[in-house]
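A.B. asks: Have a look at this one before I ask anything.
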Amino acid sequence: MRVRSAVTTLVVLGAAGAGVVAVVRGTGPLPDPEGCTAVVERHTVSLDTEQAENAALIAAIGVHRRLPARAVSIALATAYQESKMINVEHGDRDSLGLFQQRPSQGWGTEAQILDPVHATNAFYDALVKIDGYESMRITEAAQKVQRSAYPEAYEDHAEDGRALASALTGWSAHTFSCVVRPDKTYDDQRRSVLREELGNVFGATPSNLDSRRVAVTIGVGASAHRRGWAIASYAVAQAKRLGISQVSYDGRTWHDGDASEAGWRTAGSTTAPGDAVRITVR
């Protein structure tokens, strides 16, 4: 999923930031460091950009599979415990990847396990076979999948998992945001890469509108509104990697650079649920 473009605008049809206080130390305000936060019901989760990319991917696949937010909470808490949300190439014995899955235990080949899409789907495949996982404690459900030597360890990340899942699946709108400084070394493939990625991750079917725009139709209603925020949050999480400079949805806009310190800001009249997520690429 490591996908890497002149300014290009993507439009995703159908389809948080917190204010930042500047610190002054003699010569003027210091810029906030890069990173992402989810703030849900007064609980804040902080991630670096790599962790955010992986967390958003795990959530997006859950949305695509139409799994409950509880499943995403369990997956995120598990990835936190197993790998700190980093796609690591090592672990205990032959464990690898986001969920520290083992080739010798039937999770796939090394290459498959190191593919975050495969690893996440493999985790969800195992989770949904557990009868009643939705009502279990997060650590109990995670343990039934992982069979860890430390069965209670996942509970340490349960609250973070719940907050991230709520923000990244669209249940808590505009609560996930990132501070991103533009990178001047982007290549020219980002528009097509992002179009393909949104199709693969969210299960949408993109179509070209013109040389600068892409559309993905996902319908209307409350579920589409949540999906719109899931797509918008995913785009912000991938902004550093893909050179995304602006994301707009539901009357709010996120910008990269210094403006990203302000998170999601009101942008004129409110866009109706089921309208468009607008993504601008540098």
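A.B. asks: Starting from the Cα of Ile130, move 7 Å in the Cα-to-Cβ direction to define the label point; list residues of the stretch 54-80 whose amide nitrogen is under 12 Å from there.
C.D. replies: What the label zone holds, given the 12 Å backbone N cut-off, is 71-79.
A.B. asks: Charges only on Cβ, +1 for Lys and Arg, -1 for Asp and Glu: so what's the dipole of the stretch 43-168 about the Cα centre, in debye to the nearest 20?
C.D. replies: Rounded to the nearest 20 debye, it is 440 debye.
A.B. asks: What percent of all Cα-Cα pairs in the stretch 163-206 falls in each 10 Å bin, counting up from 0?
C.D. replies: P(r) over the stretch 163-206, rounded to whole percents: 23, 29, 43, 5.
A.B. asks: A follow-up question, please. Tell me, what HN-Hα J-couplings in whole Hz come from the Karplus equation 6.51 cos²θ - 1.76 cosθ + 1.60 at θ = phi - 60° for each residue of the stretch 64-72, using x for Gly and Pro?
C.D. replies: So the J values, rounded to whole Hz, are 4, 7, 6, 7, x, 4, 4, 4, 5.
A.B. asks: Binning at 10 Å from 0, report for the stretch 43-168 what percent of all alpha-carbon pair distances ends up in each bin.
C.D. replies: 14, 51, 32, 2
A.B. asks: Among Val63, Gln112, Gln81, which residue has its Cα positioned farthest towards the positive end of the charge dipole of the stretch 43-168, with +1 placed on the Cβ of Lys and Arg, -1 on the Cβ of Asp and Glu, and the dipole taken about the Cα centre?
C.D. replies: The residue sitting farthest along the positive end of the dipole is Val63.
A.B. asks: Then there is this: Given an 8 Å cut-off on Cα distances and at least 6 residues of separation, report the relative contact order of the stretch 115-158 as a percent.
C.D. replies: Relative contact order comes out at 32 percent.
A.B. asks: Then there's this: List the lysines whose Cα sits under 18 Å from the Cα of Lys184, skipping any in the same chain fewer than 8 residues away.
C.D. replies: Those lysines meeting the cut-off are Lys240.
A.B. asks: Tell me, what ³J(HN,Hα) does each residue in the stretch 127-135 have, in order and in whole Hz, if you take phi through Karplus 6.51 cos²θ - 1.76 cosθ + 1.60 with θ = phi - 60° and put x for Gly and Pro?
C.D. replies: Ordered by residue, 3J(HN,Hα) equals 5, 5, 7, 8, 5, x, 4, 5, 9 Hz.
A.B. asks: Still on this structure, please answer the following. Using only Cα atoms, figure out Rg for the stretch 129-175 and give it as a multiple of 2.2 N^0.38 Å.
C.D. replies: Here the Cα radius of gyration is 1.28 times the empirical estimate.
Rule-based calculations on the coordinates, nothing more; no lab input. Predicted model only: the values in this text are computed from it and were never measured. All Cβ positions, glycine included, derive from the backbone under ideal geometry; neighbour counts span all protein chains shown.
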